[in-house]
Amino acid sequence: MASSIADQRARACCTLLTQVHAITDKEGITPSALHAIKLKLVALAAKAHLFPPGDFAMPVAQGRTHPLLVEENDGHGLYLTINLPGKEAAPHDHGIWCVNAGISGRERHVFYRRTDDGGTRGSATVMRVGEVMVEPGCGMAMADHDIHSTEVIGKEPAIGLALYGYALARFPAVAWFHTEFSSMRVCSSRRHAAAAA
Ligand SMILES: [Fe+2]
């Protein structure tokens, strides 16, 4: 009997995580490791038949994240993300590495670097340093403290794969940067709560 799309998808996600661990076991989380992981994720996202829209409910508004494979404890989290046209996120730092790959639609990621010395609590200045369009055939990779903003471009939802160093439920504090006010706000970490659960 032919296996279902869901079974094929589960196997493909498992294979991806095995490949990711093979890369990071050898190399750690380096720029070249993140690049290699990005290429693997782009290749998985290119298998659009494994991610039929009917298997993933659309967001009511803004965006929605569907878990594909979430490892236990402090393992990685692989998700399918759907962001609706116009959704945007201000510059932020996840505190953990992240790789994205487009399945359909387009999401622009703008990258920033921090230009202050971090010495004044609540203050921060950032400078735009580049951008990447995450769309079919393309992805992006961020190291632990890279800063990005996102915006869905066009009239189609941006659907893609997102792999995070930690599962979303165990995320570190995310820092949001308010460029027009030269300020920043740090959301509480989920790591302590997750570890206590
Ligand atoms: Fe982000």
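The values are calculated or read from the model by the stated rules, or taken from the named source; none is laboratory data. Being a predicted model, the structure only gives us computed values, none of them experimental. Neighbour counts run over all protein chains shown; Cβ positions are idealised from the backbone, glycine included. Note: accessible area is taken over every heavy atom of the protein model, side chains too, but ligands, DNA and RNA are not part of it. Shrake-Rupley method; radii C 1.70, N 1.55, O 1.52, S 1.80 Å.
Could you please give the count of residues in the stretch 128-187 that are within 15 Å of the ligand (Cβ to nearest atom), of a type in the set (Asp, Glu) and closer than 20 Å to Ala36 by Cα?
Count: 3.
Open to solvent by 20 Å² or more (accessible area, probe 1.4 Å), more than 16 Å from the ligand (Cβ to nearest atom) and more than 13 Å from the chain's Cα centre (by Cα), is that true of His49?
For His49, the condition - open to solvent by 20 Å² or more (accessible area, probe 1.4 Å), more than 16 Å from the ligand (Cβ to nearest atom) and more than 13 Å from the chain's Cα centre (by Cα) - is met.
Hey, can you tell me all the residues within the stretch 62-82 that are within 14 Å of the ligand (Cβ to nearest atom) and within 12 Å of the chain's Cα centre (by Cα)?
Those that are within 14 Å of the ligand (Cβ to nearest atom) and within 12 Å of the chain's Cα centre (by Cα): Thr65, Gly77, Tyr79, Thr81.
Can you tell me which of (1) without any contact (Cβ under 8 Å) to a residue 12 or more places away in the chain; (2) open to solvent by 60 Å² or more (accessible area, probe 1.4 Å) is the one Met127 doesn't meet?
With respect to (1) without any contact (Cβ under 8 Å) to a residue 12 or more places away in the chain; (2) open to solvent by 60 Å² or more (accessible area, probe 1.4 Å), Met127 is out only on (1).
How about the stretch 93-107: which of its residues are surrounded by fewer than 21 Cβ atoms within 10 Å (Cβ to Cβ) and at positive phi?
Gly95 - this is the single residue of the stretch 93-107 that is surrounded by fewer than 21 Cβ atoms within 10 Å (Cβ to Cβ) and at positive phi.
Would you pick out the residues in the stretch 8-35 that are among the small types (Gly, Ala, Ser) and surrounded by 12 or more Cβ atoms within 10 Å (Cβ to Cβ)?
Of everything in the stretch 8-35, those that are among the small types (Gly, Ala, Ser) and surrounded by 12 or more Cβ atoms within 10 Å (Cβ to Cβ) turn out to be Ala10, Ala12, Ala22, Ala33.
Just need a number here: residues in the stretch 83-122 that are hydroxyl-bearing (Ser, Thr, Tyr), away from the ligand (no atom under 16 Å from the Cβ) and in contact with a strand residue (DSSP E or B) (Cβ under 6 Å, 6 or more places away or on another chain).
Number of matching residues: 2.
So, in the stretch 146-165, how many residues would count as being loosely packed, with under 14 Cβ neighbours inside 10 Å and touching a Lys or Arg at 6+ places or on another chain (Cβ under 9 Å)?
Final tally of qualifying residues: 2.
Taking only the stretch 166-182 into account, find how many residues are within 10 Å of His92 (Cα to Cα) and surrounded by fewer than 16 Cβ atoms within 10 Å (Cβ to Cβ).
Residues that pass the stated criteria total 1.
Return the only residue of Ala36, Ala48 being farther than 16 Å from Cys14 by Cβ, modelled with pLDDT of 95 or more, among the small types (Gly, Ala, Ser) and touching a helix residue (DSSP H, G or I) at 6+ places or on another chain (Cβ under 9 Å).
Ala36
Quick check on this structure: which one of Ala57, Ala43, Ala90 is surrounded by fewer than 19 Cβ atoms within 10 Å (Cβ to Cβ), within 16 Å of Ala10 (Cα to Cα) and not charged (D, E, K, R)?
Ala43
List the number of the failed condition for Arg64; all other conditions in (1) open to solvent by 70 Å² or more (accessible area, probe 1.4 Å); (2) under 16 Å from Asp7 (Cα atoms) hold.
Unmet for Arg64, out of (1) open to solvent by 70 Å² or more (accessible area, probe 1.4 Å); (2) under 16 Å from Asp7 (Cα atoms): (2).
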